[in-house]
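Asks: Before I ask anything, here is the structure I am working with.
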Amino acid sequence: MRVLVWSVAAVVLLAGVVFLVGWLLPAAREGRAEVVIAAPAARVVEEIADVEAQVAWREGVAAVERTAEGWVEVTARGERISFVAEEMGAARVRLRFASDAGYAGTWEAVLTPEGGGTRIAVVERAVVPSPLGRILARLFFDPGQFATIYLAALKARVEGS
């Protein structure tokens, strides 16, 4: 019986420590990346705006569904991420997103002409309210790496078509 009591106490203590660590982590995270794409800004934005086609060139996106407000990406893991375009111009693209996994944020791309092509600089900001989610996000998701992978796929798609 004593072993059971100590085991339960240890599990409760461990859960408390995990919660405390997660609670102390900042809720907001940010990732940045940029690349030059050999195409005019209008062509780059055209590809970003064609969200249904992204299933063909973005790894991890299983489906895209249009909604009255914007669209929903369904990932290969089954996560649903809702997007709303706040701005979709040749100089700036700004999106809001919210995931059914418990985080939300903004994605912003600034497009500037460079050497006959377009420099696209992306900033993704996400807020993870859950303390456990903050820990998992830091262990398994790097927003800077995600932005870099997205831009590499976008560059390949635009320059290859």
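Asks: Kindly indicate whether G31 is assigned to a loop (DSSP other than H, G, I, E, B), in contact with a Gly (Cβ under 6 Å, 6 or more places away or on another chain) and not acidic (D, E).
Replies: no
Asks: Considering the range 34-62 alone, what residues qualify as being assigned to a strand (DSSP E or B), under 16 Å from A91 (Cβ atoms) and among the aliphatic types (A, V, I, L, M)?
Replies: V36, I37
Asks: Going residue by residue through the range 96-108, is there one that turns out to be closer than 19 Å to V35 by Cβ and not in a strand (DSSP E or B)?
Replies: no
Asks: Those residues that are acidic (D, E) and surrounded by fewer than 16 Cβ atoms within 10 Å (Cβ to Cβ), I need them from the range 51-78; list them, please.
Replies: E52, E59, E65, E69
Asks: Just checking, how many residues over the range 22-38 are modelled with pLDDT of 85 or more, more than 22 Å from E114 (Cα to Cα) and in contact with a helix residue (DSSP H, G or I) (Cβ under 7 Å, 6 or more places away or on another chain)?
Replies: Summing the residues that are modelled with pLDDT of 85 or more, more than 22 Å from E114 (Cα to Cα) and in contact with a helix residue (DSSP H, G or I) (Cβ under 7 Å, 6 or more places away or on another chain) in the range 22-38 gives 3.
Asks: Can you name the residue in the range 94-143 that is closer than 19 Å to V84 by Cα and of a type in the set (S, T, Y) and is also surrounded by the fewest Cβ atoms within 10 Å (Cβ to Cβ) among such residues?
Replies: T106
Asks: Restricting attention to the range 115-155, which residues are out of contact with any helix residue (DSSP H, G or I) (no Cβ under 7 Å at 6 or more places or on another chain) and small (G, A, S)?
Replies: Filtering the range 115-155 down to residues out of contact with any helix residue (DSSP H, G or I) (no Cβ under 7 Å at 6 or more places or on another chain) leaves 115-117, 119, 121, 123, 125, 127, 129-130, 133, 136-152, 155.
Passing the criteria: G115, G116, G117, A121, S130, G133, A137, G144, A147, A152.
Asks: Shifting gears a bit: Can R119 be described as modelled with pLDDT of 95 or more, outside any helix (DSSP H, G or I) and either touching a Leu at 6+ places or on another chain (Cβ under 7 Å) or within 16 Å of Y150 (Cα to Cα) (or both)?
Replies: For R119, the condition - modelled with pLDDT of 95 or more, outside any helix (DSSP H, G or I) and either touching a Leu at 6+ places or on another chain (Cβ under 7 Å) or within 16 Å of Y150 (Cα to Cα) (or both) - is met.
Asks: Something else now. Please specify each residue of the range 55-98 satisfying the condition of being of a type in the set (S, T, N, Q) and either in contact with a Pro (Cβ under 6 Å, 6 or more places away or on another chain) or closer than 19 Å to A126 by Cβ (or both).
Replies: Matches in the range 55-98: T75, S82.
Asks: Any idea how many residues of the range 125-153 are among the aromatic types (F, W, Y) and in contact with a Leu (Cβ under 6 Å, 6 or more places away or on another chain)?
Replies: The qualifying residues number 0.
The values are calculated or read from the model by the stated rules, or taken from the named source; none is laboratory data. In this text the structure is predicted, and so the values were computed from the model without any measurement. Note that each Cβ is placed from the backbone with ideal geometry, even for glycine, and that neighbours are counted across all protein chains shown.
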